[in-house]
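Peer 1: What follows is a structure written as structure tokens; I'll ask about it next.
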Amino acid sequence: MTHAYPEVFDFAGFNAPSRIECDIYDLIVEGEIPAEIDGSWYRAIPDPAFPPKFAKDTYLSGDGMVSLMRIENGHADFKQRYVMTERLKDDRAARRALHGLYRNPFTDDPSVKGRDRTVANTTPVWHGGRLLMTKEDGLPYEVDPKTLETKGQFNYGGRLKSQTFTAHPRLDDDSGEMFFFGYEASGLATRDVAFCIEDKNGELQSEDWFQVPYCGLMHDFLVTKEHIVFPLWPMTADLKRLAAGGAHWVWEPEKGSYIGIMPRGGSVKHLRWYRLPARCSFHYLNAHSDGNRVHIDFAPSKVVMFPFIQDASGLHIPPDQAGGRGYVRWTFDLSKPGDDFEETPIGPGGDMPCVARKDAMKKYEVGYIQTFTPQNGPPHVAGPVGAGFNTVVRLDLAGGQHRMTGLGANATVQEHVHIPSRTPGHEGYLIFAVDRHDTMLSEIAILEAGNIERGPVARVKMPFRLRNQVHGLWVEN
Ligand SMILES: [Fe+2]
């Protein structure tokens, strides 16, 4: 390698690229992994294989790495591989980064013009007997769930027409369906969105296209048993700006926000758009319908938090000043005209929300999020926003106390995933990577979801630093 990575937070300290592909058998465990935990934990990690073409690149441009922790009989084995995307193959052949700025092909080396440039680095998805590595700017790559060998790009044998595939599909365990969408579906900065359903057998059941009011960042969406909800926040893309070598996303609050709601089982022609003031969110905890009332639970902020989008928009607002009122429930009554909705606080601010899969799309009582609290230690640089969370929160939506836990003053936490229990009445477990900023090593923590304040029941010691994942996935054996 001819030069080093830039000395900016995206590539330094705990965020320094790792680039380690490995197999480790029988990791050292402190405490005891509950015997009933039997399955595979996958993580998607941006990990740039080469120093970026431009120093002002973002963490989120990193080549997709997939890790697998296989847990059985109290033992943990670990495997990590790059997703062999067309982009990584091209870069390896040239032994340098040929691709330019985040989601801007106009800044690429001419030798890769027209080649696939997605990095498949955001979310592992398991459905229909396939493991997909997704990123919302392109099609997913299928990966062998045991060996992590890349099989190739996936689009249902050419039947999917959308050029993109969200990193946040929604799974309905009752019907077996997977709901997903692609935005910028017909190309860069287009307003086209494809809303798709994969049936329980893994076949593409439907693909319905519609247009959003403007091309904006649509990272996640919501599904209830009766409705589909598409939020649109004013981070906008513009083809002229991209062609001039500019940023993909710019914050344009004057465009306002939109929430599109349609009946599940209906057509995109029935989308009703609510127009709202500018807000921003990337992830949604859960949603449910109660007749005509649709409830969506999330933590809207007042402006976008990502430093690379703030920079492109001439903004410099620290995370502690960009937040909103924490986690809230927005309720839309479809029987009423107009754009009004109700807002009810449900918890402190944060991100990385999840619920047990049995609770998805329904009225529910418990959710899990992450936040930063000064009593659990000082801020540490980690992850794509440059500020790691240090606290896991169990939200009690039935009126009880929210509960929190930290992992030590020198620790930040990566996204947790919920593991269901096979024991009746047991709330299951949360598993996540912990960044140890004193030793610059990682460990894996397993908490009892119903007793998070007791701390980990098991800590799996990693002999190296795990770069921060974006999202993870638990697959039962
Ligand atoms: Fe996400």
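Peer 1: Grab the other residues whose beta carbon is less than 13 angstrom from that of Ala458, score K and R as +1, D and E as -1, and report the net.
Peer 2: Once positives and negatives cancel, what remains is -2.
Peer 1: Which aspartates and glutamates have a Cα less than 15 Å from the Cα of Lys113, not counting those fewer than 8 places away in the same chain?
Peer 2: List returned: Glu86, Asp90, Asp91.
Peer 1: Please list, by residue number, everything in the range 186-225 whose backbone N is under 20 Å from a paramagnetic label point 7 Å out along Cα→Cβ of Lys113.
Peer 2: Counting only backbone N, you get 187-189.
Peer 1: Which percent of Cα-Cα pairs in the range 9-476 sits in each 10 Å bin, short to long?
Peer 2: 4, 21, 33, 29, 12, 1
Peer 1: Here's a follow-up. Hey, if you put +1 on the Cβ of every Lys and Arg and -1 on every Asp and Glu Cβ in the chain, which of Gly100, Asn155, Ala185 ends up farthest toward the positive end of that dipole?
Peer 2: Looking along the dipole axis, the top candidate is Gly100.
Peer 1: Under a plain spin-label model, where a point goes 7 Å from the Cα along Cα-to-Cβ, how far apart in nm are Ala4 and Thr147?
Peer 2: So the label points at Ala4 and Thr147 sit 3.8 nm apart.
Peer 1: Can you spot the aspartates and glutamates whose alpha carbon is less than 17 Å from Lys56's alpha carbon? Ignore those fewer than 8 places along the same chain.
Peer 2: Glu7, Asp10, Asp47, Asp108, Asp109, Asp311
Peer 1: If contacts are Cα pairs under 8 angstrom and at least 6 residues apart, what is the relative contact order of the chain in percent?
Peer 2: After rounding, I find 13 percent.
Peer 1: Moving on. Label points 7 Å out from Cα along the Cβ direction at Ala12 and Asp290: separation in nm?
Peer 2: According to this spin-label approximation, the distance is 5.0 nm.
Peer 1: Where in the range 87-102 is the amide nitrogen less than 19 Å from a point lying 7 Å along the Cα-to-Cβ axis of Arg130?
Peer 2: 87
Peer 1: Something else now. Assigning unit charges at the beta carbon (Lys, Arg +1; Asp, Glu -1) and nothing else, what dipole magnitude in debye, to the nearest 20, does the range 27-117 show about its Cα centre?
Peer 2: 760
Peer 1: In addition: Ranking Asp173, Asp351, Asp359 by Cβ neighbours within 10 Å, fewest first, what do you get?
Peer 2: With the sparsest Cβ surroundings first, the list reads Asp173, Asp359, Asp351.
Peer 1: How much of the calculated P(r) for the range 159-285 lies past 22 Å, in percent of all Cα pairs?
Peer 2: 34
Peer 1: What nm distance separates the two modelled labels at Asp199 and Asp311, each placed 7 Å from Cα along Cα→Cβ?
Peer 2: Result for the modelled spin labels: 4.8 nm.
Peer 1: Moving on. Which of the listed residues, Asn477, Phe230, Leu447, is farthest toward the dipole's positive end in the chain, when Lys, Arg count +1 and Asp, Glu count -1 at the beta-carbon?
Peer 2: Among Asn477, Phe230, Leu447, the one farthest towards the positive end of the dipole of the chain is Phe230.
Peer 1: Residue by residue through the range 39-44, what is 3J(HN,Hα) from phi via Karplus (6.51 cos²θ - 1.76 cosθ + 1.60, θ = phi - 60°)? Round to whole Hz and write x for glycine and proline.
Peer 2: Rounded to whole hertz, the list is x, 10, 10, 9, 10, 10.
Peer 1: Now a separate question. As a footprinting exposure proxy, order Arg92, Arg454, Arg43 by other Cβ within 10 Å, with the fewest listed first.
Peer 2: Fewest-to-most Cβ neighbours within 10 Å comes out as Arg454, Arg92, Arg43.
Peer 1: Lys255 to Phe464: extension gain in nm, 0.36 nm per residue of separation minus the Cα-Cα distance?
Peer 2: That pair, Lys255 and Phe464, stretches by 70.7 nm at full extension.
Peer 1: On a straight-distance basis, which lysines could pair with Lys255 in a cross-link, Cα separation under 17 angstrom, same-chain partners fewer than 8 positions away excluded?
Peer 2: Answer for Lys255, where 17 Å is the Cα cut-off: Lys302, listed by chain and number.
Peer 1: For the range 1-160, just the Cα atoms, rotate onto the principal axes and tell me the three extents in Å, largest first.
Peer 2: Sorted from largest, the Cα extents of the range 1-160 read 53, 43, 23 Å.
Peer 1: Pull up all non-local amide H partners of Phe464: gap of 5 or more, or a different chain, and H-to-H distance under 5 Å with H placed in the peptide plane.
Peer 2: Ser442
Peer 1: Continuing with this model, one more query. How do Thr134, Thr190 rank when sorted from fewest to most other Cβ atoms within 10 Å of their own Cβ?
Peer 2: Thr190, Thr134
Peer 1: Can you work out ³J(HN,Hα) from phi for every residue in the range 456-463, in order, using Karplus 6.51 cos²θ - 1.76 cosθ + 1.60 and θ = phi - 60°, giving whole Hz and x for Gly and Pro?
Peer 2: Residue by residue, the range 456-463 yields x, 7, 8, 10, 9, 7, 9, x Hz.
Peer 1: Can I ask one more? Which one of Thr373, His168, Trp249 has its Cα pushed farthest toward the positive end of the charge dipole of the range 9-476, where Lys and Arg give +1 and Asp and Glu give -1 at the Cβ?
Peer 2: Trp249
Peer 1: Quote the FRET efficiency, to the nearest 0.05, computed for Arg95 versus Lys362 with a Förster distance R0 of 60 Å and r equal to the Cβ-Cβ distance.
Peer 2: FRET efficiency, Arg95 to Lys362: 0.70.
Peer 1: HN-Hα J couplings of the range 256-268 from phi, Karplus 6.51/-1.76/1.60, θ = phi - 60°, integer Hz, Gly and Pro as x?
Peer 2: Result, rounded to whole Hz: x, 10, 9, 10, x, 10, 9, x, 5, x, x, 10, 5.
All of the numbers you see were taken from the coordinates with simple rules; none came from a lab. Predicted, not measured: the structure shown is a model, and the values here were computed from it. So basically every Cβ, Gly included, is an ideal-geometry build from the backbone, and we count neighbours across all protein chains shown.
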